[in-house]
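The values are calculated or read from the model by the stated rules, or taken from the named source; none is laboratory data. Quick caveat: nothing in here was measured; it's all calculated off a predicted structure. Here the Cβ positions follow ideal geometry from the backbone for every residue, glycine too, while neighbour counts run over all protein chains shown.
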Amino acid sequence: MSGPASSNAGPLEERLLALTEDLVRIPSVGLDDEAILAEIRRRVPEGWEVREPTKGALALLPPGPLDERPFVVLAGHVDTVPPAPDRPPAREGTVVRGRGAADMKGGVAVLLDLAAAPEARGGELAVGFLFVGREEMPLGHSALAPALAAEERLRRAALAIVLEPTANAIEVGCLGNLNARATVRGVAAHTARPWLGRNAIHRAIEALASVADLPVRDVEVDGLVFRESVSVTKIGGGIAANVVPDLAVAEVNLRYAPIHAPEQAEARIRELLAHPDVEVEVLSNAPGALPPLANPLVGRLRRTGGLEVRAKQAWTQVAEFAMHGVDAVNLGPGDPRYAHADDEQVDADALVRTHRVLAAFLAGRSVDEEPAR
């Protein structure tokens, strides 16, 4: 089942800019992914088997059984964080601005256009496409893991390429991401007689001081450096200017190297926040992913475009692929510095570069040999 082509009319640059702008104009925050997935489905070119393996996921698979060619999945998430106030989507020349432009509707536009390209049907590699929602939410909401569990063909991929914003470098592996809540309890009193109470905010300052002073820690994995960090991201407490507060609550984020298991990360955050007045609750804990540098397709991708390879200094869905036994890397047109920024944007050169590299990779040629489109 398929719909109208997305289509290959007009120069590649113009197609990618127009499609990116169209996608950016469709709100898709959090669980609100029905409209954008419907638009993607409407634009699917002829010839694909269209599957919805779970709510919030849309897969384009080769019709019939997979052949003997290595199978690659090209994947992108369609959701965004909330838009910046007073920053509506706009196209200015060869730049598209707006929430999701970099992270990662520009990448989704590349995927949709590639689905209509000849390299997606008759190249050296078999290919499928996967569009998923809810990546920007806690791991338990993600549509990717259920889609992988439901669709066996996706789990047979020799490599998945996730079009996260990487400025057209290959970013391998990813950090683990733990969020915890520290609740500090005290005893209320009048501020004229604070010695009769126990100030929860003062205790919170004591407990969080070690986190505030903690230096970034570099961890080398397969010759690549992942940077571990701990940040207090929220804090609150107190009810009035003349009351010693009896409660303070802080949220703390730990980014940890993929050599550490989630249980080790939880033990570390509890150790860092150890204090007699502090209760620690782990809110979410998404494991990282090790770099799949031994996968020959990663080497092929690197050689195709002469691409830089570096560690992914963030959590991405390569970790969910890894949990299902699928090697995955990040490669996309967005620049990470614009991801989630008020001035989020992506430019035509970056979109075209990603498209050309992926088309050449699927076809088995160098990007320098890629034909004009």
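Going through the range 25-55 one residue at a time, which ones are assigned to a helix (DSSP H, G or I) and of a type in the set (A, V, I, L, M)? Before the answer, list the steps.
Step one: list which residues in the range 25-55 are assigned to a helix (DSSP H, G or I), which gives 34-42.
The answer is 35, 36, 37, 38, 40.
Taking residue 308 as the residue in question, decide whether it is surrounded by fewer than 16 Cβ atoms within 10 Å (Cβ to Cβ), closer than 19 Å to residue 221 by Cα, out of contact with any strand residue (DSSP E or B) (no Cβ under 6 Å at 6 or more places or on another chain) and acidic (Asp, Glu). Walk me through it before giving the result.
Values: surrounded by fewer than 16 Cβ atoms within 10 Å (Cβ to Cβ): yes; closer than 19 Å to residue 221 by Cα: yes; out of contact with any strand residue (DSSP E or B) (no Cβ under 6 Å at 6 or more places or on another chain): yes; acidic (Asp, Glu): yes.
Yes: the conditions hold for residue 308.
Name the pairs: first residue in the range 142-156 and in the same structural domain as residue 318 (by TED's automatic domain parsing) and in contact (Cβ under 8 Å) with a residue 40 or more places away in the chain, second residue among the basic types (Lys, Arg) and surrounded by fewer than 18 Cβ atoms within 10 Å (Cβ to Cβ), Cβ to Cβ under 6 Å, at least 6 apart or on different chains?
Pairs found: 148/155.
Kindly provide the set of residues from the range 207-247 that are in contact with a His (Cβ under 9 Å, 6 or more places away or on another chain) and either exposed (fewer than 14 other Cβ atoms within 10 Å of the Cβ) or part of a strand (DSSP E or B) (or both), ordered by number.
Result: 219, 228, 242, 243, 244.
If I ask for residues that are surrounded by fewer than 18 Cβ atoms within 10 Å (Cβ to Cβ) and of a type in the set (Asp, Glu), which ones from the range 141-158 would you list?
Across the range 141-158, the qualifying residue is only 152.
Return the residue satisfying two criteria in turn: it lies in the range 275-295 and is of a type in the set (Val, Ile, Thr) and surrounded by 18 or more Cβ atoms within 10 Å (Cβ to Cβ), and of such residues it is farthest from residue 326 (Cα to Cα). Let's see the steps before the verdict.
Applying the first criterion (of a type in the set (Val, Ile, Thr)) to the range 275-295 yields 278, 280, 282.
Filter once more, so that each one left must be surrounded by 18 or more Cβ atoms within 10 Å (Cβ to Cβ): 278, 280.
On the way: 278: 39, 280: 33 Å.
The extreme case among them is 278.
Scan the range 322-336 and give yes if some residue there is closer than 30 Å to residue 206 by Cα and either assigned by TED's automatic domain parsing to the domain that holds residue 82 or without any contact (Cβ under 8 Å) to a residue 12 or more places away in the chain (or both), otherwise no.
First, the residues of the range 322-336 that are closer than 30 Å to residue 206 by Cα: none.
Scanning the range 322-336, I find no residue that is closer than 30 Å to residue 206 by Cα and either assigned by TED's automatic domain parsing to the domain that holds residue 82 or without any contact (Cβ under 8 Å) to a residue 12 or more places away in the chain (or both), so the answer is no.
Being of a type in the set (Asp, Glu) and either within 19 Å of residue 294 (Cα to Cα) or within 26 Å of the chain's Cα centre (by Cα) (or both) is the filter here, so list the residues in the range 205-230 that pass it. Show your work before the answer.
Looking only at the range 205-230, we keep the residues that are of a type in the set (Asp, Glu), and these are 206, 213, 218, 220, 222, 228.
If the condition is that a residue be of a type in the set (Asp, Glu) and either within 19 Å of residue 294 (Cα to Cα) or within 26 Å of the chain's Cα centre (by Cα) (or both), then 218, 220, 222, 228 are the ones that fit.
Restricting attention to the range 56-94, which residues are in a strand (DSSP E or B) and acidic (Asp, Glu)? Give the steps one after another, and end with the answer.
As a first pass, look at the range 56-94 and keep what is in a strand (DSSP E or B): 57-61, 71-77, 80, 90-92.
Once the filter is applied, which keeps residues that are in a strand (DSSP E or B) and acidic (Asp, Glu), the range 56-94 yields only 92.
Of all strands (runs of 3 or more DSSP E) completely enclosed by the range 254-373, which ones contain at least 2 residues that are modelled with pLDDT under 95? Walk me through how you get there before you give the answer.
Details: elements: 278-286, 309-311, 328-330, 345-347.
Of the strands (runs of 3 or more DSSP E) lying wholly inside the range 254-373, those with at least 2 residues that are modelled with pLDDT under 95 span 278-286.
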